[in-house]
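One structure below.
The values are calculated or read from the model by the stated rules, or taken from the named source; none is laboratory data. In this text, all values refer to a predicted model and were calculated from it rather than measured experimentally. Ideal geometry is used to build each Cβ from the backbone, glycine not excepted, and the neighbour counts take in all protein chains shown.
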Amino acid sequence: MQAHDSFMLSFLAYKLASILSGTFICWMGFKLFVKGFHGPSGDIDATFSGGNRIYIKKIAPGSFFSLLGAAVIGVTLYKGLEVETSGSNSQPTSETGSSITLPKQLP
């Protein structure tokens, strides 16, 4: 198995694990919401670049978990990856995200 193939398999495993964990967090929030657990409420305050701001007061724990899981899934799907292979005849493959240089073949 070449380095590029093993990297792509590990990248696929990373994406699947991230999506599954986000789905699990959403499921836990749904279960809290269905059970009717309305314990001490929390607040969410987030500020983004450009002056955008989100502020949610007295959010139920189930809703908080669901929003967190949706954020994990959204970031996982949005975040891309840039792969560059080294070698004289290699063509770089680009997507958005972090940069990783792979050797053409492992020793």
Can you tell me how many residues in the range 5-19 are surrounded by 12 or more Cβ atoms within 10 Å (Cβ to Cβ) and either among the hydroxyl-bearing types (Ser, Thr, Tyr) or more than 13 Å from Val75 (Cβ to Cβ) (or both)?
6
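Restricting to the range 28-53, name every residue that is touching a Ser or Thr at 6+ places or on another chain (Cβ under 9 Å) and either outside any helix (DSSP H, G or I) or aliphatic (A, V, I, L, M) (or both). Even if it seems obvious, please write down each step before you answer.
Of the residues in the range 28-53, the ones touching a Ser or Thr at 6+ places or on another chain (Cβ under 9 Å) are 28-30, 32-33, 53.
Within the range 28-53, Met28, Leu32, Arg53 meet the criteria.
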Taking the range 61-94 only, how many residues are among the aliphatic types (A, V, I, L, M) and at pLDDT below 80?
2
In this structure, does Val72 turn out to be assigned to a helix (DSSP H, G or I) and free of Cβ contacts under 8 Å to residues at least 40 places away in the same chain?
no
Considering only residues that are free of Cβ contacts under 8 Å to residues at least 24 places away in the same chain and of a type in the set (A, V, I, L, M, F, W, C), look in the range 20-67 and name the one that is farthest from Lys79 (Cα to Cα).
Ile59
The condition of being in a helix (DSSP H, G or I), of a type in the set (S, T, N, Q) and in contact with a helix residue (DSSP H, G or I) (Cβ under 6 Å, 6 or more places away or on another chain) holds, among Ser10, Ser18, only for Ser18
Condition check for Gly42: out of contact with any Pro (no Cβ under 8 Å at 6 or more places or on another chain) and either surrounded by 10 or more Cβ atoms within 10 Å (Cβ to Cβ) or at pLDDT 85 or above (or both)
no
